[in-house]
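Peer 1: Right, I'll just put the structure down here and ask away after.
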Amino acid sequence: MIRYILRRILMMIPVMLGVTLIVFTMMYITPGDPAQIILGDNATPEAVAKLRAEMGLDDPFLVRYFRFVKDLLRGDLGICYATKQPVFDRLIQTFPNTVKLAAFAVVVSTIMGLSLGIISAAKQYSLFDNIAMLLAMMGNAMPNFWQGLLLMLVFSLWLGWLPASGFSSFKHMILPALTMGTSSAAVLARMTRSSMLEVIRADYISTARAKGQTEFKVIMHHAFRNAMIPVITTIGLQFGRQLGGAVLTESIFAIPGVGKMMVDAIKARNYPVVQGGVLLIALSLSIVNLVVDILYAYIDPRIKSQYK
Amino acid sequence: MSQQEKLLEIKNLTVHYETVDGTVRAVENLNLSVGAGQTLGLVGETGAGKTTTVKTIMRILPVPPSVIKSGEIFFKGEDLLKKTEKEMRSIRGAKISMIFQDPMTSLNPVLTVGEQIMEAIGLHNRVSKRKAIELAEEMLETVGIKGDRLSDYPHQFSGGMKQRVVIAMALACNPQLLIADEPTTALDVTIQAQVLELMQRLKRQYKTSLIMITHDLGIVAEICDYVAIMYAGQIVEYGSLEDIFLHAQHPYTKGLFSCIPDLYSDDKELIPIPGLMPDPSNLPSGCRFHTRCQYSFDRCEIQEPPSVEVSPGHHVKCFFAVPEKGEPQGTPLGRPV
């Protein structure tokens, strides 16, 4: 098992290298001259040319790429064109906010999604099941930005219970986490339900009942553990999606996270920040995937026996 | 068999499945009994209602769609159908256990076999964990598996070994009645013999009564004391092993026997029963077997034949059933075709 984990960590190296190549190439072929952007529209062509030479922008593609990777290995992600801060520092400022928000959203969606899914499966075709699945469909169909605005309207403007924007306290996290968590919860509820339904008809569930086990334990101890593989996969995917794609939510609630920072950076052609952000998101996704894969082995001993 | 000796007695049991596509009459007016220490073979084609019957005894049929329309199931004189869910839980696994058809799927793949055997023990006995482990180890040894394999997972066992584990689990609380739903169908023939031998040995050792569901008449001949032949939700013939094997009267039972190859006969071809089991949501009128019966005549289509006791304890549900002594009870109205 330890060997498997180590191998998986080593395998992340080529993956991350691939990501650097793609990110760098994408930025390379994007039109627009960074030197011109930094100096502004009024800069003289001489000044722009001088800056281009200083920044090494005139060097060939491969030279620039290797310089990028070499700097990266030293932890140098470049300098933010806008704030002149190292990109690394900017990421450190924003990433914790994104992680906090995503983690909170995952907790919210897991609690809502799993409980709805499990009860729906246990009571298939009941009133509860029908209502829960209707809610799940709605949760899935509602666009994030619309739902965020709606929550803001109700809880901030009308009721005045929660702040509408900013990110300074736990209270600030509730509405954005709900916004992000709802659609995930909807996906999870449907996934949990269908996965549970597949398992609930299995013979070993009848065996557990025939032993005299209580229905609660039959569902939770016998059925749920077996239904968990697709559920864990979905939770991992949702967490990854929220780490990288909380752009809309972060923009609506004015949360200084990676998503918002990247959107701003793309608009300003602030290449180093975009590159740094994408790399960070790719890295966190790889880690989430690794954790999910390791969890598989703890849930299902048959998978563990293959991890040698 | 007197009332005292009967461990289990099913009276007029009717179970339907009510679905949007219609009502499936899975079991109708079924009467059965099993004496203490005896083995009853429940024989019939797939879809005859065998599994529905035994799952009703355990009360583990999903509700909905299943509905118990009528009947009583007396276990040691008490009606199981009147018990609360909580009372049933203390009976399941402790007094009545069940073994399912496919050992590959009847063990939970994510729990060790030890956990699964200990679960059965822990549910019905107040024992310490250490004692439970000890008992589980003992059970494994009893079925011929080394006790130290307690911490192994089901996928680490072969099919035959898994069925042994299932048997160990079912017998862990020393039940009075064991229901085995085709316990050897999914196994190789050589393993089948071992598992059957094991079940018979344990049945004697623990003095357990057994209901054996099977469609293998060879297994019936080997281990059963009584046999019930089921067709389309009804028992068409019931009697002792000898009654069924030597004096079968129902055309369906006879048909089943003619499907078995006979080593000592020169006939090269087997004679299958023509046609298929009727659709249980659209059963034929009269005798349910008349559509496939070579002896059927007009009355069979109109009227359901009564169950006739042709000799003590030997019941046949057919108009042609002739008691050993006396007149045929269901005299045909017309001539057989």
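Peer 1: Quickly run through the stretch A:121-166 and pick out the residues that are within 14 Å of chain B (Cβ to nearest Cβ), surrounded by 14 or more Cβ atoms within 10 Å (Cβ to Cβ) and in a helix (DSSP H, G or I).
Peer 2: A:A121, A:A122, A:D129, listed by residue number.
Peer 1: Restricting attention to the stretch A:213-265, and to residues there that are under 24 Å from B:N108 (Cα atoms) and among the aromatic types (F, W, Y), which single residue is nearest to the chain's Cα centre (by Cα)?
Peer 2: Here the answer is A:F224.
Peer 1: Has the stretch A:70-82 got any residue that is of a type in the set (V, I, T) and either at pLDDT 90 or above or more than 26 Å from the chain's Cα centre (by Cα) (or both)?
Peer 2: no
Peer 1: Is it true that some residue in the stretch A:282-292 is within 16 Å of the chain's Cα centre (by Cα) and within 15 Å of A:P176 (Cβ to Cβ)?
Peer 2: For the stretch A:282-292, residues within 16 Å of the chain's Cα centre (by Cα) and within 15 Å of A:P176 (Cβ to Cβ): absent.
Peer 1: Shifting gears a bit: Quick check on A:T182: is it surrounded by 20 or more Cβ atoms within 10 Å (Cβ to Cβ), away from chain B (no Cβ under 13 Å) and hydroxyl-bearing (S, T, Y)?
Peer 2: yes
Peer 1: Mind listing whichever residues of the stretch B:110-140 are closer than 22 Å to B:Q192 by Cβ and either within 14 Å of chain A (Cβ to nearest Cβ) or in contact with a Leu (Cβ under 6 Å, 6 or more places away or on another chain) (or both)?
Peer 2: Passing the criteria: B:V113, B:M139.
Peer 1: Report whether or not B:V322 is at pLDDT below 80 and open to solvent by 90 Å² or more (accessible area, probe 1.4 Å).
Peer 2: No: the conditions fail for B:V322.
Peer 1: Let me ask something additional. Name the one entry in B:V143, B:V165, B:V195, B:V227 that is within 14 Å of chain A (Cβ to nearest Cβ) and open to solvent by less than 10 Å² (accessible area, probe 1.4 Å).
Peer 2: After applying the criteria, what remains is B:V165.
Quick grid of which residues meet (1) touching a residue at least 12 places away in the same chain (Cβ under 8 Å); (2) in a helix (DSSP H, G or I); (3) under 30 Å from B:S97 (Cβ atoms):
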{"site": "B:L198", "(1), (2), (3)": "yes, yes, yes"}
{"site": "B:R201", "(1), (2), (3)": "no, yes, yes"}
{"site": "B:I219", "(1), (2), (3)": "yes, yes, yes"}
{"site": "B:M230", "(1), (2), (3)": "yes, no, yes"}
{"site": "B:I235", "(1), (2), (3)": "yes, no, yes"}
{"site": "B:G255", "(1), (2), (3)": "yes, yes, no"}
{"site": "B:D266", "(1), (2), (3)": "no, no, no"}
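Peer 1: For the stretch B:82-102, name all the residues that are more than 9 Å from chain A (Cβ to nearest Cβ) and either buried (at least 17 other Cβ atoms within 10 Å of the Cβ) or in contact with a helix residue (DSSP H, G or I) (Cβ under 8 Å, 6 or more places away or on another chain) (or both).
Peer 2: B:K83, B:K95
Peer 1: Out of the residues in the stretch A:24-62 meeting the condition of being of a type in the set (V, I, T) and more than 19 Å from A:G276 (Cα to Cα), tell me which one is least open to solvent (accessible area, probe 1.4 Å).
Peer 2: Only one residue tops the list, namely A:V48.
Peer 1: Still on this structure, I have one more. Which pairs turn up if I take residues in the stretch A:87-103 that are basic (K, R) and look for partners that are surrounded by fewer than 20 Cβ atoms within 10 Å (Cβ to Cβ) with beta carbon separation below 8 Å, at least 6 apart in sequence or on another chain?
Peer 2: Note: pairs meeting the criteria are A:R90/A:T83.
Peer 1: Give the number of residues within the stretch A:30-52 that are out of contact with any helix residue (DSSP H, G or I) (no Cβ under 9 Å at 6 or more places or on another chain) and either more than 17 Å from A:I266 (Cα to Cα) or modelled with pLDDT of 85 or more (or both).
Peer 2: Adding up the residues that qualify gives 5.
Peer 1: Okay, moving on. Has the stretch B:282-297 got at least one residue that is assigned to a helix (DSSP H, G or I) and buried (at least 20 other Cβ atoms within 10 Å of the Cβ)?
Peer 2: no
Peer 1: Restricting attention to the stretch A:248-260, does a residue exist that is in a helix (DSSP H, G or I) and without any contact (Cβ under 8 Å) to a residue 12 or more places away in the chain?
Peer 2: Checked against the condition, which is being in a helix (DSSP H, G or I) and without any contact (Cβ under 8 Å) to a residue 12 or more places away in the chain, the stretch A:248-260 yields no hits at all.
Peer 1: Hey, A:R225 hits all of (1) within 14 Å of chain B (Cβ to nearest Cβ); (2) touching a residue at least 60 places away in the same chain (Cβ under 8 Å); (3) buried (at least 20 other Cβ atoms within 10 Å of the Cβ) but one; which does it fall short on?
Peer 2: The number of the failed condition is (3).
Peer 1: If we keep just the residues of the stretch A:194-206 that are facing chain B (nearest Cβ under 7 Å) and modelled with pLDDT under 90, which is surrounded by the most Cβ atoms within 10 Å (Cβ to Cβ)?
Peer 2: A:S206
Peer 1: B:L202: under 27 Å from B:H124 (Cα atoms) and either among the hydrophobic types (A, V, I, L, M, F, W, C) or touching a strand residue (DSSP E or B) at 6+ places or on another chain (Cβ under 6 Å) (or both), yes or no?
Peer 2: Yes, satisfied.
Peer 1: On to the next question. Go through (1) within 29 Å of A:T83 (Cβ to Cβ); (2) in contact (Cβ under 8 Å) with a residue 40 or more places away in the chain; (3) among the hydroxyl-bearing types (S, T, Y) for A:S168 and report which single condition fails.
Peer 2: Going through the list (1) within 29 Å of A:T83 (Cβ to Cβ); (2) in contact (Cβ under 8 Å) with a residue 40 or more places away in the chain; (3) among the hydroxyl-bearing types (S, T, Y), A:S168 breaks only (2).
Peer 1: I want to confirm something. Restricting to the stretch A:207-222 and keeping residues that are open to solvent by less than 20 Å² (accessible area, probe 1.4 Å) and assigned to a loop (DSSP other than H, G, I, E, B), which single residue is farthest from B:A94 (Cα to Cα)?
Peer 2: A:Q213
Peer 1: Would you mind stating whether B:H155 is touching a Cys at 6+ places or on another chain (Cβ under 6 Å) and within 14 Å of chain A (Cβ to nearest Cβ)?
Peer 2: So B:H155 does not fit the description; no.
Peer 1: Considering only the stretch A:269-304, how many residues are open to solvent by 50 Å² or more (accessible area, probe 1.4 Å) and more than 21 Å from A:L17 (Cα to Cα)?
Peer 2: 5
Peer 1: Which residue pairs have Cβ atoms under 8 Å apart, sit 6 or more places apart or on different chains, and have a first residue in the stretch A:136-165 that is without any contact (Cβ under 8 Å) to a residue 24 or more places away in the chain and a second that is charged (D, E, K, R) and open to solvent by 60 Å² or more (accessible area, probe 1.4 Å)?
Peer 2: Matching pairs, first to second residue: A:L162/A:K171; A:P163/A:K171.
Peer 1: Turning to a different aspect of this structure: Being surrounded by 21 or more Cβ atoms within 10 Å (Cβ to Cβ), in contact (Cβ under 8 Å) with a residue 12 or more places away in the chain and facing another protein chain (nearest Cβ under 10 Å) narrows it down to one residue among B:L40, B:L107; which is it?
Peer 2: B:L107
Peer 1: If you check every pair at least six apart or on different chains, which have Cβ atoms under 8 Å apart with a residue in the stretch B:155-169 that is of a type in the set (K, R) first and a residue that is buried (at least 23 other Cβ atoms within 10 Å of the Cβ) and outside any helix (DSSP H, G or I) second?
Peer 2: If the second residue must be buried (at least 23 other Cβ atoms within 10 Å of the Cβ) and outside any helix (DSSP H, G or I), the pairs left are B:K162/B:L107.
The values are calculated or read from the model by the stated rules, or taken from the named source; none is laboratory data. Nothing here was measured: the structure is a model prediction, and the numbers come from that model. Counting neighbours? That spans all protein chains shown, and the Cβs are built from the backbone with ideal geometry, glycine included. The accessibility values were calculated without ligands, DNA or RNA, using every heavy atom of the protein model including side chains. Shrake-Rupley method; radii C 1.70, N 1.55, O 1.52, S 1.80 Å.
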